[in-house]
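Working notes, beginning with the structure itself.
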Amino acid sequence: MIRKTRLFTPGPTPLLPAAQFAMAAADIHHRTPEFRAMYTRVLAQLKEFVGTKNDVIILSSGGTGAMEASVSNLTSPGDRVLVLTAGKFGERWASLVKAFGCHADVVEKSYGQTFTLDEVKAALKLETRAVFVQATESSTGVRHDIEGIAKLLKSENSEALLVVDAITGLGTTHLDMDAWGVDVLIGGSQKAVMIPPGLSYLAISPRAWDRMEATYNPRYYFDLRKERKNAAKGESAYTPSVALIAALGASLDYIAGQAATAENPKGDLAEGRKKLVDNAETCAAMTRAAATALGFKLFAPKGAEAAAATAIVAPEGTDSGTLVKGLKSQFAAIVTDGQGEMKGQLFRIAHIGFFDYMDTIAIIGALEQVIHKTKLPLPNFEFGKGLIAAQKFFADHAK
């Protein structure tokens with residue numbers, strides 16, 4: 001049989017065709033009226049996609065660049081900060097704040113777990129200047145309680161800024177930055193907006209902008225104040241990734257169009273975002289139902305499962321790499337192994353962005369074939385068990 005490569009990874013994710021066409025046609029100089037018009041429009045669209053009235057800044061970098069920018073712009077050497085970590089990307093926050101000379105209190109949970117609000121409260125100090133956390137930890141498939149953490153900071157009258165890595169959370173989780181009181185929300189281009197890696201973006205609250213005027217960690221390329229000043233004129237501070245910005249505009253048009261009506265044929269980005277999240281939730285729930293029916297254990301605790309990716313534990317005594325390699329060699333389907341200490345113990349199937357019902361059914365069917373071929377020790381395995389469970393969920397719950 002022929003094989004068609006399909007990404008089922010939590011980044012990069014499958015590319016939107018309209019975005020690919022937009023990149024190919026983006027032969028624009030970045031200091032021209034044409035680019036300024038496009039950039040201004042995309043920045044306005046991003047605010048709607050994030051769901052905020054706050055300023056949004058675009059950086060020509062991966063998501064880690066935006067994470068670094070939030071640390072360098074919002075802290076000074078010696079500042080006390082709180083890092084909440086339960087996976088590979090939480091560990092990245094810990095490394096970043098250390099690199100910029102902060103004193104970090106850390107609430108650390110095992111991979112596959114999340115922290116309680118009582119644990120966060122116990123670690124919060126009067127002098128805590130910022131709290132750094134993921135919306136979803138894509139290395140483990142776990143979702144953290146951002147709304148609860150934000151409410152806790154308010155109830156404690158904390159001056160700490162809440163900085164959220166929502167790189168895999170945006171477009172897979174319902175987030176309300178303004179209502180909850182999140183100060184920085186970070187996104188990345190290679191996730192729910194369905195374009196290649198290379199752009200990151202930050203929605204930033206007035207409190208966070210004010211904090212930047214009093215901090216003195218070094219920053220140059222990642223000086224967010226400089227980007228804000230230039231964005232007001234429809235420009236970036238330095239040479240931007242023009243093609244990716246054109247692609248982002250096309251993708252946001254597509255997302256808005258998912259909520260098109262006869263009265264509003266161009267659609268609505270806020271409604272389109274909700275549909276994108278609902279789609280990820282449906283694909284994730286179908287995958288969880290299938291995995292459970294096939295005899296696998298899920299890695300994330302019940303009630304904290306992320307829709308960004310489903311983390312599935314390999315049967316005892318086996319290596320998850322067998323499934324990862326089998327899906328690639330038999331079907332050119334790319335899923336990801338565990339990260340860090342979980343490598344070889346679990347595999348992850350993503351649901352971010354340009355995935356749908358058909359993709360989900362396909363990966364479940366392929367997984368059943370690989371289980372059969374590799375003779376994976378799942379005692380009650382039968383062809384169709386996973387597919388039936390996924391189909392039943394979809395029939396009962398899909399809108």
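Every number in this text was worked out from the coordinates using simple rules, so none of it is lab data. Computed from a predicted model, the values in this text were never measured in an experiment. Cβ placement follows ideal geometry from the backbone for every residue including glycine, while neighbour counts extend to all protein chains displayed.
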Exercise. What is the dipole size for the chain, taken about its Cα centre, with +1 at each Lys and Arg Cβ and -1 at each Asp and Glu Cβ, in debye to the nearest 20?
Worked result: 660 debye
Exercise. Cα convex hull of the chain: how many Å³ per residue?
Worked result: 145 Å³
For this session: Lys and Arg at +1, Asp and Glu at -1: add these up for the other residues within a Cβ distance under 14 Å of Leu16 and post the number.
Result: -2
For this session: Quick one: order Phe89, Phe49, Phe383 by neighbouring beta-carbon count within 10 Å, fewest to most.
Result: Phe383, Phe89, Phe49
Problem set entry | In nm, spacing of pseudo-spin labels at Ala44 and Lys392 (7 Å Cα→C-beta vector) | 5.0 nm
Exercise. With the Cα gyration tensor of segment 17-253 giving a ≥ b ≥ c as the square roots of its eigenvalues, does the rule (a/c under 1.5 for rounded; else a/b larger than b/c for prolate; else oblate) give rounded, prolate or oblate?
Worked result: prolate
Problem set entry | Principal-axis tilt of helix 88-99 within the chain, Cα atoms, nearest 10 degrees | 30 degrees
Seminar exercise, completed: Here FRET efficiency (C-beta to C-beta, Asp178 to Thr239, R₀ 30 Å, nearest 0.05) is 0.45
Seminar exercise, completed: Full extension between Asn264 and Asn217 adds, at 0.36 nm per residue less the Cα distance, a length in nm of 12.3 nm
For this session: Kindly express, to the nearest 10 degrees and within the range 0 to 90, the angle between helix 63-74's C-alpha long axis and the longest C-alpha principal axis of the chain.
Result: 30 degrees
Seminar exercise, completed: Quick note on His30, His144, ordering by fewest other C-beta atoms within 10 Å, gives His30, His144
Problem set entry | Footprinting exposure proxy for Met194, Met38 (fewest neighbouring C-beta atoms within 10 Å first) | Met38, Met194
For this session: Just need the relative contact order of segment 17-253 here, percent rounded to a whole number, with Cα pairs under 8 Å and 6+ apart.
Result: 31 percent
Problem set entry | segment 18-68: C-alpha gyration tensor shape, a/c 1.5 cut-off, then a/b vs b/c | prolate
Exercise. Roughly speaking, what is the centre-to-centre gap between segment 362-399 and segment 260-324 when only Cα atoms are used, to the nearest Å?
Worked result: 14 Å
Exercise. What GluC sites (Glu not before Pro) does segment 296-355 have in DSSP loop regions with at most 11 other beta carbons within 10 Å?
Worked result: Glu316
Exercise. So what is log10(I(q)/I(0)) for segment 290-399 at q = 0.15 1/Å, when the Debye sum runs over its Cα atoms only?
Worked result: -0.62
Seminar exercise, completed: With a ≥ b ≥ c from the Cα gyration tensor eigenvalues, square-rooted, and the rule rounded for a/c under 1.5, otherwise prolate when a/b > b/c and oblate otherwise, segment 226-344 is prolate
For this session: Set Lys and Arg Cβ to +1 and Asp and Glu Cβ to -1, take the dipole of the chain about its Cα centre, and tell me which of Leu252, Phe299, Pro17 lies farthest positive.
Result: Pro17
Problem set entry | Cβ-derived FRET efficiency at R0 30 Å, Ile334 paired with Ala37, nearest 0.05 | 0.20
